[in-house]
Amino acid sequence: MAALLQQIVSGLSTGGVYASLALALVLIYQATGVVNFAQGEMAMFTTYLAWTMINAGWPYWAAFAATLAIAFAAGVLIERVIIRPVENAPVLTIVMVSIGLLTIFNSIAGWIYTYTVKPFPSPFPSTPINLGPTTISLQDLGVGGVSLFVLVVMYVFFRHTTLGLAMRAVVENPVGSRLVGIRVGWMLALGWGLASLVGAVAGMLVAPLVFLEPNMMSGILIYAFASATLGGFNSAGGAVLGGFLMGVIENLVGTYVTFIGTELKLTVALAVILLTLLIKPTGLFGRVAVSRV
Amino acid sequence: MRLGLLLVAGVGYLLPAALSSYQTFEFTQVFIYAVALLGLNILIGYNGQFSLGHGAFYAIGAYTTAIMTTRWDIPYGWAIIAAGALSLVVGFLFGLPALRFEGLYLALATFALALATPQVLKYFDTWTGGSQGIVLDKPSVPLGLPISADQYLYYLSLTVLVILLLLAHNLLRGRAGRAITAIRDNPIAAEAMGVNAALYKSLTFGVSAMYTGIAGALGALAVAFVAPDTFSAFLSINFLVGSVVGGVASISGAIFGGAFIEFVPTYAQEISRAAPWAIFGLTLIIFMYVMPTGVAGLIRRVAAALARSMASEQPAPDSQTAAAEAAEGNRGSARAVLGKPD
């Protein structure tokens, strides 16, 4: 029982990372109707920037803040420069462009930083804390805490600020929003900026666990996809909950289903995606999209 | 189409005389990729479904051939057929749930499939040899023909490509093809006309997987080696890129696409040894901006424009204008998938 609880608690901690990246995916999907396949690679690249700053002697949190700022600016820039020209193109075109971005980021990271695995510092010590029958390391607590904090900030931003309201309005009705004076194009860019920022947080949180290398996010990305699918692609809250669930599922399946272990981790995510789409295609909290024909 | 096919086959069969053995190998790869892309084009271009995971079917074909020829001593000809059949079944079964997903979700599910493939291959190591992979024997030249093993593989791949091109052409021209494209253009209207959309979508996925599986079988024979890491997500991405660059809603696009994914990475490596994939990604994005219907779409557009200008000189409507109009019509439907909305 204690072991089970232990697995759940540490699952929740990695789940926080999945939740953050899933939130980033859902933010862009809601704002623009696009799934950004480059999301993971963008997060990976910004994590390398943080690594560079920390190695240059910056304190961790200063590097953290600077990275977030750069990630935000880069997200806005990518939307304005690269995505904008194909904004009205069919989905396949935009997916292809985001895949182009994926290969570019992956390749440039490998070129600048090489493919050797690098350790990434964690701001949290790994000292364990006793919580009744189970223990949790400060590291796990910190990762879970920071992701939760980011998610709350996002929630407050979208629910209780004028800008957040404007962004939601653009999703709901772009033409109407433009008529009341909202700059639709910039709201989309802002969506990309925020997603890139949240992704950067996820990258920096997960880097101490999986180590820094150009392909570090591909496994995380597929888990984030699974989380977003499980929670529902048009529900930010659902995606977050899906993220925590995926963290727990990963840990429990890895521990208790012996033939899977850690070697078939990605297949677990694939199975979750397929099962969700088979049983409840909109995810746990998604709305059914109704369209007039 | 017939003419183009004859041209490809004719040039193809004469080419090896002028090629070095490495170039022969490169062109063999082009034909093999073209077979895989043909499958993807049927799926994306004609049926309007995505796949970011066709590398998995390529892997199924490759491993089927590797296991059958090395472990069970089955002749490679049967192995290729078995690889196609197995991919057809797996593709159909994967397509059954897939038909429920709209474009984007299907892209996600198949992308997950692509990412999971190497892990699954490594896991079943008693069959697949784990990360060591399996070494195959190159098929020996039959009937004592005076050609090298590489040249034989070249002719084999070319022959398979030509047969599959013809099959695809006939499939898409007939009743089934009309049902497949009707589902792409307007699924609701198609169902109202009595097309069983669910069945046709899964079948198209299966046929598409079969093409890619056969390509995988040929690929395993040509390289004479299979290992899990060659079937990473990048392979699937490569296929999608080739398909889009060649032109998804065209049969000939598969050959252009095959040439693109065989040769561009090599040239990219010459431009920048350090980051060839960055050049590849950049080329892809530029293609999306300037040529959303791919090389085949561009050729069709140019041909249509030429035919139009010739037609304006001689006002009587002739077969060329009809051809131009037909090409225009095709382009229109390709645009529905790829270009800007009309």
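The values are calculated or read from the model by the stated rules, or taken from the named source; none is laboratory data. These figures come from a predicted structure and were not determined experimentally. We place every Cβ from the backbone using ideal geometry, glycine too, and count neighbours over all the protein chains shown. Please note that ligands, DNA and RNA were not included when accessible areas were found on the heavy atoms of the full protein model with its side chains. Shrake-Rupley method; radii C 1.70, N 1.55, O 1.52, S 1.80 Å.
Summary of computed values
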read-out	value
Close pairs (7 angstrom Cβ cut-off, 6 or more residues apart or separate chains): under 16 Å from B:Leu156 (Cβ atoms) and outside the structural domain of B:Ala303 (by TED's automatic domain parsing) in the range B:4-20, modelled with pLDDT of 70 or more and among the hydrophobic types (A, V, I, L, M, F, W, C) anywhere	B:Val8/B:Ile255; B:Ala9/B:Val162; B:Gly12/B:Leu158; B:Tyr13/B:Leu158; B:Leu15/B:Phe27; B:Leu19/B:Phe27
Hey, A:Ser98 under 24 Å from A:Thr47 (Cα atoms) and either surrounded by fewer than 17 Cβ atoms within 10 Å (Cβ to Cβ) or away from chain B (no Cβ under 14 Å) (or both) or not	no
Given (1) within 14 Å of chain B (Cβ to nearest Cβ); (2) assigned to a helix (DSSP H, G or I); (3) open to solvent by 80 Å² or more (accessible area, probe 1.4 Å), index of the condition A:Tyr115 fails	(2)
Qualifying residue in the range A:22-34 (condition: surrounded by fewer than 18 Cβ atoms within 10 Å (Cβ to Cβ) and either at positive phi or among the hydrophobic types (A, V, I, L, M, F, W, C) (or both))	yes
Qualifying residue in the range B:162-175 (condition: assigned to a helix (DSSP H, G or I), more than 14 Å from chain A (Cβ to nearest Cβ) and touching a Ser or Thr at 6+ places or on another chain (Cβ under 9 Å))	yes
Output for the range A:246-273, where each listed residue is under 15 Å from A:Ile222 (Cβ atoms), touching a helix residue (DSSP H, G or I) at 6+ places or on another chain (Cβ under 6 Å) and at pLDDT 75 or above	A:Met246, A:Gly247, A:Val253, A:Leu266, A:Thr267, A:Val268, A:Ala269, A:Leu270, A:Val272, A:Ile273
Criterion violated by A:Thr134 - all others in (1) over 22 Å from the mean Cα position of the chain (by Cα); (2) over 22 Å from A:Ala19 (Cβ atoms); (3) among the β-branched types (Val, Ile, Thr) satisfied	(2)
Selection status of B:Gly242, more than 14 Å from chain A (Cβ to nearest Cβ) and of a type in the set (Gly, Ala, Ser)	no
Within the range A:59-95, tally of residues that are modelled with pLDDT of 85 or more and open to solvent by less than 10 Å² (accessible area, probe 1.4 Å)	5
Boolean, B:Val248 is buried (at least 24 other Cβ atoms within 10 Å of the Cβ) and either of a type in the set (Asp, Glu) or closer than 22 Å to A:Asn106 by Cα (or both)	no
Given (1) farther than 26 Å from A:Met167 by Cβ; (2) assigned to a helix (DSSP H, G or I), number of the condition A:Trp58 does not satisfy	(2)
Checklist (1) within 14 Å of another protein chain (Cβ to nearest Cβ); (2) in contact with a strand residue (DSSP E or B) (Cβ under 8 Å, 6 or more places away or on another chain) applied to B:Arg184, failing item	(2)
Evaluation of B:Gly253 against (1) in the same structural domain as B:Tyr46 (by TED's automatic domain parsing); (2) surrounded by fewer than 24 Cβ atoms within 10 Å (Cβ to Cβ) (one fails), failing number	(2)
Residue count for the range A:206-238, restricted to those that are open to solvent by less than 10 Å² (accessible area, probe 1.4 Å), of a type in the set (A, V, I, L, M) and away from chain B (no Cβ under 13 Å)	3
The range B:6-57, subset open to solvent by 20 Å² or more (accessible area, probe 1.4 Å) and closer than 17 Å to B:Met210 by Cβ, residue farthest from the other protein chains (Cβ to nearest Cβ)	B:Tyr33
Enumeration of residues in the range B:247-260 that are within 13 Å of chain A (Cβ to nearest Cβ) and under 13 Å from B:Val35 (Cα atoms)	B:Gly257
Those residues of the range A:83-95 which are in a helix (DSSP H, G or I) and at the interface with another protein chain (Cβ under 7 Å from one of its Cβ atoms), in sequence order	A:Pro85, A:Val86, A:Val91, A:Leu92, A:Thr93, A:Val95
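Residue-by-condition table, conditions (1) at pLDDT below 70; (2) open to solvent by 30 Å² or more (accessible area, probe 1.4 Å); (3) closer than 19 Å to B:Ser243 by Cα:
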residue: B:Ile285; (1), (2), (3): no, no, yes
residue: B:Met288; (1), (2), (3): no, no, yes
residue: B:Leu298; (1), (2), (3): no, yes, yes
residue: B:Ser309; (1), (2), (3): no, yes, no
residue: B:Gln314; (1), (2), (3): yes, yes, no
residue: B:Ser319; (1), (2), (3): yes, yes, no
residue: B:Ala324; (1), (2), (3): yes, no, no
residue: B:Glu328; (1), (2), (3): yes, yes, no
